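I have placed the structure first, in the form of structure tokens, so that the comments after it can refer back to it.
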Amino acid sequence: MTTTADTTRKDPFPFFQEHHYDIRDMVSRYAAEKLAPRARMLDETKEFPHQTIAELKEMGLLGVPFPEEWGGAGLDYLSYVITIGELARACGTTALTVAAHTSLGSNPIYVFGTELQKEKYLRRLASGEILGAFALTEPGAGSDAGATKTTAVRDGDEWVLNGVKIYCTNGTHAGTVILTARTGGEGGTNGITAFIVERDSPGIKLGTLEDKLGLRASDTRELVFENVRVPDENRLGELGSGFKKFMQTLDAGRISIGAMATGLAQGALDVALPYAAERSQFGRKISAFGAIQERLANAAMEIHTSRLACYHAAVLKDQGHNVNFVASLAKLHASEAAMRVIDSCLQILGGNGFSREYPIERMLRDAKLCEIGEGTSEIQRIVIARAMLKSLG
Ligand code: COS
């Protein structure tokens, strides 16, 4: 079957270096051969993809943007964003699992961690020995991330954590959880500190495992912290700096959610394009109808602009720029475009698109998360508008 995978692989990007083409080809091939055939089963059984994670570990894809000295692949953020896009093209669950592990569960330790924390945790995370999770959201602190109620109270050389975190991706299977807790003050974001907690620490209880619309085999878990003791050496950064560290982490993470949305949209077009070229109605291939051509062209345009926005943000991040504004732009555009593209591709297939025999209905369900996770579209618009207003001085 001819797919747009072949077309895009030939497309050169002016800012790609050889290793970007290499990783794109490697992940794309792996995703088409191994992930695509498993994706429906994962969606139906909701079974966490342990086998896939083991394979990704072997391929060095669980620590793409981290230096080799810390167990990573020694590549850049653009390589990581390319990886997430190609994984999502075949399996959204796998892409989200890797994204949460890498940019949320591991990157804060790489960026903000002490040498000891990197030695103890980053090496194992980046090599894929353990998975990482990130716990920010609470029942009363969703978009309003600063409303964190989880507390950390100092007791000698330790901190005692109490609280409830929800929607922790990889929460069940992670080796470490990076979380925020209130360490002082009655409110406000300056009383929040970040900690690295070992997932099997006494006092961590597994709460609800979410049953979701999409990304059904991705592990989304409530974690309950009851008098969990964490050594002060596991505090990630200065006291009171946790909110800002998490915001910076999300700035980078949002690029990968944009890439995931783009990959899902590409995955839908990969199915709809050859379908339109092969399917006949009224004595003609449906690709001969203007209505179908318009859908195909719009899908290609939206995917192209989404991909460029995500790659642009990733390159700026690799160059050391603040990506707050461009990451939100990329995520917002790519996630909303993905919903339009996948819906349109589903429409091209008509009844077949609505059927579970084809993967597009799953991609539509999976893509919805990209408009919500790591900050809703409403939050992205707040971030973008505030950045523009701030630039006025
Ligand atoms: N990088 C560094 N610092 C940041 C920052 C960023 N991206 N965003 C905000 N800050 C700083 C601000 O500069 C401010 O610093 P000062 O106190 O020194 O002035 C502080 O953090 C508080 O910022 P702000 O007043 O903007 O906080 P708000 O409570 O208004 O919240 C939003 C800001 C809405 C952007 C934030 O709550 C958010 O991103 N919410 C969505 C959370 C989310 O994505 N959840 C999904 C989790 S996925 S597991």
### Message
Whether any residue in region 193-205 is under 17 Å from residue 97 (Cα atoms) and not hydroxyl-bearing (Ser, Thr, Tyr) is what I want to check.
### Response
yes
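Results for (1) in contact with a strand residue (DSSP E or B) (Cβ under 7 Å, 6 or more places away or on another chain); (2) within 13 Å of the ligand (Cβ to nearest atom); (3) not basic (Lys, Arg), shown as yes or no for each residue.
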{"position": "210", "(1), (2), (3)": "yes, yes, yes"}
{"position": "220", "(1), (2), (3)": "yes, yes, yes"}
{"position": "223", "(1), (2), (3)": "yes, yes, yes"}
{"position": "237", "(1), (2), (3)": "yes, yes, yes"}
{"position": "251", "(1), (2), (3)": "no, yes, yes"}
{"position": "259", "(1), (2), (3)": "no, no, yes"}
#### Entry: Test: residue in region 110-119 that is outside any loop (DSSP other than H, G, I, E, B), of a type in the set (Lys, Arg), outside the structural domain of residue 228 (by TED's automatic domain parsing) and open to solvent by 20 Å² or more (accessible area, probe 1.4 Å)
yes
### Query
Is there a residue in region 364-378 that is open to solvent by less than 50 Å² (accessible area, probe 1.4 Å), more than 14 Å from the ligand (Cβ to nearest atom), more than 15 Å from the chain's Cα centre (by Cα) and outside the structural domain of residue 83 (by TED's automatic domain parsing)?
yes
#### Entry: Qualifying positions in region 274-322 - among the aromatic types (Phe, Trp, Tyr), free of Cβ contacts under 8 Å to residues at least 60 places away in the same chain and either on the phi < 0 side of the Ramachandran plot or part of a helix (DSSP H, G or I) (or both)
289
### Task
Name the helices (runs of 4 or more DSSP H) wholly inside region 1-107 in which the number of residues that are open to solvent by 40 Å² or more (accessible area, probe 1.4 Å) is 2 or more.
4-10, 18-30, 36-45, 50-58
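The rows are residues; the columns are (1) assigned to a helix (DSSP H, G or I); (2) without any contact (Cβ under 8 Å) to a residue 24 or more places away in the chain; (3) within 26 Å of residue 252 (Cβ to Cβ); (4) touching an Asp or Glu at 6+ places or on another chain (Cβ under 7 Å).
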residue	(1), (2), (3), (4)
352	yes, no, no, no
356	no, no, no, no
368	yes, no, yes, no
378	yes, no, yes, no
381	yes, no, yes, no
387	yes, no, yes, no
### Message
Among the listed residues 320, 353, 283, identify the single one that is more than 30 Å from residue 15 (Cα to Cα), open to solvent by 50 Å² or more (accessible area, probe 1.4 Å) and outside the structural domain of residue 96 (by TED's automatic domain parsing).
### Response
283
### Query
Do we have any residue at all in region 238-257 that's of a type in the set (Phe, Trp, Tyr), touching a helix residue (DSSP H, G or I) at 6+ places or on another chain (Cβ under 9 Å) and open to solvent by less than 10 Å² (accessible area, probe 1.4 Å)?
yes
### Task
Take the residues in region 147-177 that are closer than 23 Å to residue 370 by Cβ and within 12 Å of the ligand (Cβ to nearest atom), then tell me which one is most open to solvent (accessible area, probe 1.4 Å).
167
### Message
Taking the condition of being of a type in the set (S, T, N, Q) and within 9 Å of the ligand (Cβ to nearest atom), how many residues in region 239-248 meet it?
### Response
1
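The values are calculated or read from the model by the stated rules, or taken from the named source; none is laboratory data. A quick note: this is a predicted structure, and the numbers were derived from the prediction, not measured. Cβ sites come from the backbone with ideal geometry, for glycine too, and all protein chains shown count toward neighbours. The accessibility values were calculated without ligands, DNA or RNA, using every heavy atom of the protein model including side chains. Shrake-Rupley method; radii C 1.70, N 1.55, O 1.52, S 1.80 Å.
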